[in-house]
Structure formats: C-alpha cells, structure tokens
Amino acid sequence: MLTLFPDMFPGSLGQSLAGKALERNIWSLEVTDLKTFGLGKHRTVDDTPTGGGPGMVMRPDVLASAIDAVHIGDAEKQPLIYLSPRGEVLNQALVHELKDAGGATLLCGRFEGVDERVLEARNVREVSIGDYVLSGGEPAALVLMDAIIRLLPGVIGDAATLESESFESGLLEYPQYTRPQEWEGRMVPDVLLSGHHGEIDGWRRRQAEDITRARRPDLWKRYNAQDEDE
Ligand code: ADE
C-alpha cells in the first residue's frame, strides 16, 4: 500500500471478519508513506499541473522511487494497481482475479491525480470502484481489499454463504427472512416454512430473477446471454 495517509489503514479492515483474519495472518498489509520518498526538506511529492489548471499532480520520480522500493511485482506476477475513477470498474470477476494473484501493490493518489508517465512506465493497472469521485484512493483501496479478503479460505466460516450471494451466479440475491414468523402484520412467505427444499430453491431462484430483471436490466441481459451460450 502506497499512500500519503498511512493512518487510514487497516481502518475498517481491522474489525469484524477481516480484522479476525488479519490477526490470524490469513492476510497481511504493508503500508508505506509516500512522504518518505518526497523531495527536499519538505518531502515534496506533488507539483502544479504542466499546462495549467487547478490542483496538484503527484510527481513521477517520487512515485517511481516508492514503487521500485516496495513492488515485488513482475517476477511474482502481482499487479500494481492505482485506484482512480478513470480505471476499469471493479466487479466480482475482477475481485476473483485479484484474489487469485495472491497479492498486489495498491497506489492511492490524492490531488488532481498522478503524472501519466509513471502509469505507463511501471505498467500500472487503474481500477475504479464506481462512477463517482472520492477525495482519494484510500477508501477505494479498503473496498477492494474487503471484497478480496472475504473470499480467502477460512475468512467466512460457511463457504456456502459465498456461493448464494449477489453476483456470484450473475443474479442479485433472493430476499431473506428470519423469526418472528409474523412481524407488524407481515408474514414470512409460506413456501419457506414448507420444509420442501425443491420448492424453496425454485421460489428463491424466481425471486432472484424477478429482482434482477426489475433493478438491474444490465445484469439481467448478461445473465440471459450467458444462459444461451451454455
Ligand atoms: N479515487 C477517487 N475516486 C475513485 C473511484 N471512484 N474509484 C477508485 N479510486 C478513486
């Protein structure tokens, strides 16, 4: 992790499932303060945009020294990722791909961005967590890590939890209920009390399809295209 705000880590990942897995060494995190590689007495990491414009841009020389000091990259086939709203948009398939890589170096930017040349020269992959702009890459890095960590063996006790969730099947998840059977006049659907596993599975499947069709026409289209391929 390369960041100007090392205190943001492990942040939320020090709690709950990810936090327990961190204590058990199922995953680990090395945080490097980009300031360490800054220039001069003030440890400068940025400068004004060439050609004019607002804000500040992170210098390529500073970023390259930081990357070269920590990224074990190419030999290990581990990706170097810059969190940026211009990147390919994160989805569950990309989460699996990054999990399978067994580790990555994440670069969090601030200001108006980073000098484009360092992205080219160090073969940096840009990843976005969605079509909106954050004030920096750190919360995006936490999101990306959370999505990967929960898939690691031993992090979630019941592996079946992972298979039935949204996106793994290409459908959004079916609705869930628990006790009490009646609450504020609302009943749990009868079929779930029937004990009929075949009927319950069928009902959940139809619910997942209805919800996906109504809420996410984009996923629904892809889901049907994938069915036709099979
Ligand atoms: N940095 C700022 N906005 C971002 C986004 N949407 N995704 C990833 N990194 C970002």
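The values are calculated or read from the model by the stated rules, or taken from the named source; none is laboratory data. Since the structure is predicted, the reported quantities are computational estimates derived from the model, not experimental observations. Note: ideal-geometry Cβ built from the backbone for every residue, glycine included; neighbour counts use all protein chains shown. The area values use the complete protein model at the heavy-atom level, side chains included, leaving out ligands, DNA and RNA. Shrake-Rupley method; radii C 1.70, N 1.55, O 1.52, S 1.80 Å.
Give me the percent of the accessible area of region 1-129 that comes from carbon and sulfur atoms, probe 1.4 Å, all protein chains in place. Write out the running numbers ahead of the final one.
Details: 3510 of 7150 Å².
C and S atoms contribute 49 percent here.
Tally the DSSP beta bridges in the chain and give the antiparallel ones as a percent, rounded to 5.
Values: 5 of 19 bridges.
Counting only bridges with both partners in the chain, antiparallel ones make up about 25 percent.
What relative contact order, as a whole-number percentage, does the chain give when Cα pairs under 8 Å and 6 or more residues apart are counted?
For the chain, the relative contact order is 18 percent.
Which one, PRO189, PRO79, PRO153, has the greatest fluctuation when you compute a Gaussian network model over the chain with C-alpha springs under 10 angstrom?
PRO189
If exposed trypsin sites (Lys or Arg not before Pro) are those in a DSSP loop with at most 12 other Cβ within 10 Å, what is the longest stretch of the chain that has none?
It works out to 78-230.
Of all chymotrypsin sites (Phe, Trp or Tyr not before Pro) in region 106-167, which ones are in loop regions per DSSP and have a Cβ with at most 16 other Cβ atoms within 10 Å? Walk me through the numbers before you get to the answer.
Working: sites: PHE111, TYR132, PHE167; in loops: PHE111, TYR132, PHE167.
Filter output for region 106-167: TYR132, PHE167.
Taking LYS20 as the anchor, which lysines have their alpha carbon closer than 29 Å to its alpha carbon, excluding any fewer than eight residues away along the same chain?
Within the straight-line limit of under 29 Å, LYS20 reaches these lysines: LYS77, LYS99.
Mind grabbing the accessible area of ASP68 for me, 1.4 Å probe, Å², rounded to tens?
Estimated to the nearest 10 Å², ASP68 gives 90 Å².
Per residue and in Å³, how big is the convex hull formed by the alpha-carbon atoms of region 164-229?
96
May I ask you to give the solvent-accessible area per residue for the chain, in square angstrom, as obtained with a 1.4 angstrom probe?
Per residue, the chain has 61 Å² of solvent-accessible surface.
Please list, in chain and number order, the residues 5+ apart from VAL114 or on another chain whose amide H is under 5 Å from its amide H, with Hs placed from the backbone.
Counting only residues 5 or more places away or on other chains, the set is MET58.
What do you get for Rg/Rh over region 118-222 if you use C-alpha atoms and the Kirkwood form of Rh?
Result for region 118-222 is an Rg/Rh of 1.10.
Which residue fluctuates the most in the chain, going by a Gaussian network model with Cα springs under 10 Å, if the choices are GLY198, GLY102, GLY170?
GLY198
Out of the GluC sites (Glu not before Pro) in region 3-89, which ones are loop residues according to DSSP with at most 16 other C-beta atoms within 10 Å?
On the way: sites: GLU23, GLU30, GLU76, GLU88; in loops: GLU30.
The qualifying sites are GLU30.
Please sort by residue number the chymotrypsin sites (Phe, Trp or Tyr not before Pro) in region 177-222 whose DSSP state is loop and whose Cβ has at most 14 other Cβ atoms within 10 Å.
Sparse-neighbourhood loop chymotrypsin sites (Phe, Trp or Tyr not before Pro): TYR177.
So how far apart, in nm, are the two label points at ASN25 and GLU116 if each is 7 Å from Cα heading toward Cβ?
About 4.5 nm separates the two model spin labels.
Near LYS221, which lysines are there with a Cα under 26 Å away, not counting those fewer than 8 places off in the same chain?
Here the lysines satisfying the reach criterion relative to LYS221 do not exist.
With only alpha-carbon pairs counted, each pair once and no self-pairs, how large is the Kirkwood hydrodynamic radius of region 86-146 in angstroms? Please list the in-between numbers first.
Numbers: mean 1/r = 0.0802 Å⁻¹.
This gives a value of 12.5 Å.
Once both axes come from the Cα atoms, what is the angle between helix 138-149 and the longest principal axis of the chain, in degrees from 0 to 90, rounded to 10?
Here the helix axis deviates by roughly 50 degrees.
Taking only Cα atoms and a 10 Å spring cutoff, compute GNM fluctuations for the chain and point out the largest among GLN78, GLN15, GLN181.
GLN181
Tell me the Kirkwood radius of the chain: reciprocal of the mean inverse pair distance over distinct alpha-carbon atoms, in Å.
That comes to 20.6 Å for the chain.
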